Each structure stands twice: as structure tokens, then as C-alpha cells.
Amino acid sequence: MTTAQSGSSRTADQAADQAADDWLLSPGLAPDPEDDALAPLYRGAAVGELRLPFCPACGLALELEQRVCDGCATAGADWRTVRPAGTVHSVTVMHRLEPGLVRTGRPYPIADVELACGHRLVVTSVRPLTEPPAIGDPVTIGFRRVGGVAVPGFLPLPRQPAVAQKPAADATDSPPIRAKDPS
């Protein structure tokens, strides 16, 4: 396959993904990407970028709908594209099903993802998972399509194998002192 062919097949795959209905939510639950306070998030998501708000004065990461900085009391937000790498801070599995709203018939994960940029997002997975992620697992943020609107979700990354570390030597590592036999 030539480079041009592989590029066009990737574009076709991305278009098919974008056209597919969301695995979890009914299209009627889609946000209005233009009339919503999160419009900058949705505009970025539409082009595959994760855009999040920061204080325009001091650069502190803001909550998604936060309008005044906790650090310096400046009003407003500067929406920036951020790296989508994160770590699962907490996770739960939702067992409540809502016929007509929730499209899946089985429990699904909801994770609080701590991003490298300082933000935290509470999201579900981009695709159905057989197992929820564990606390501390690495994830990346991708996008699901709900009613044609791109919304963030997490994608699990391979877990890094734990590296056994030898404990540091200290006074407790010396051999025990034996008392002399009194005989």
C-alpha cells in the first residue's frame, strides 16, 4: 500500500468512526456545540484536539465551566489545546440503565482522569470495555460522537510493568547481635 493509499484509508476510517452512533448515549442527549458554555471544548473535539480552560492572567487550570480564577480572581478563560495524556484518579462502574437514553445493556465505567496539564475530567470510555481501568492506569483522551457532536472519553493505554526496587540499606540490615552464652 502506498503512503497516499494508507493516508486515505485512515481518513475513511476516521470518517466512519465519526459517523457511527455513540455506543452509550442516545443522540438526543447531544449538547448544542455552539450555544453551550463548553463550545470551545466541542470545537476542538470536532478536529481531534482536547481544548481546556486556563486563567488568562496566571495560567492556572480552570474547571470546565469556571469563570473566575481561584488563584488570582481574574474573570475569563483562555482555552488551550492540551496533551491528552492522563492517569485514572478514581473509577466507578455504573449499573443504572436508562432505557431510551443509555443504549448499552450492561454496566459501564466512569473515570475521573487526572491530566498532565492539571485538569481533571470525569468521562466514560470511548468504546465499550470488558474491564474498567484501575486507579493509576495510564489513559489518553479520545472522542465519542453523540448525535454528531464530539465529546471527550478515555482510552486505556497498556499498563507499565511494575519495577521491583531493592530497599535502601540501613541500620536494620546489619546482622543481629548475639548475646554470649553464659556457660
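The values are calculated or read from the model by the stated rules, or taken from the named source; none is laboratory data. Everything quoted here is computed from the prediction, not taken from an experiment. So basically every Cβ, Gly included, is an ideal-geometry build from the backbone, and we count neighbours across all protein chains shown. Just so you know, the surface numbers come from the protein's heavy atoms only, side chains and all, with ligands and any DNA or RNA stripped out. Shrake-Rupley method; radii C 1.70, N 1.55, O 1.52, S 1.80 Å.
With the cut-off at under 19 Å, measuring from each backbone N in region 125-156 to a point 7 Å along the Cα-to-Cβ line of ALA46 picks out 142-153. Close amide-amide hydrogen proximity is noted between VAL91 and ASP112, each under 5 Å apart and 5 or more residues distant or on a separate chain (H modeled in the peptide plane; Pro and chain starts excluded). Summing charges over neighbours of ARG120, with a neighbour being any other residue whose Cβ is under 13 Å away from its Cβ, gives -3 when K and R count +1 and D and E count -1. Taking all protein chains together and a 1.4 Å probe, the residues HIS89, HIS119 rank HIS89, HIS119 from largest to smallest accessible area.
Close amide H partners of THR74, meaning residues 5 or more places away or on another chain with modelled amide H under 5 Å apart, are CYS69. Between ARG159 and GLU63, full extension at 0.36 nm per residue minus the direct alpha carbon distance yields a gain of 31.8 nm.
Considering the zone a paramagnetic label at CYS117 would reach in this model (a point 7 Å from Cα along the Cα-to-Cβ line), which residues of region 129-159 have amide N under 13 Å from it? Taking a point 7 Å out along Cα→Cβ of CYS117, the residues of region 129-159 whose backbone N falls under 13 Å are 141-142, 152.
Each of ASP70, ASP137, ASP32 has its accessible area taken with a 1.4 Å probe; listed largest first, they run ASP70, ASP32, ASP137. Phi-derived couplings, Karplus 6.51 cos²θ - 1.76 cosθ + 1.60 at θ = phi - 60°, listed residue by residue for region 23-35: 6, 10, 10, 5, x, x, 8, 5, x, 8, x, 9, 9 Hz, with x used for Gly and Pro. Accessible surface comparison of GLU131, GLU98, probe 1.4 Å, protein chains only, largest first: the order is GLU131, GLU98. Amide H contacts for GLY142 (H built 1.01 Å from N in the peptide plane; partners 5 or more residues away or on another chain; cut-off under 5 Å): GLY153, PHE154, LEU155.
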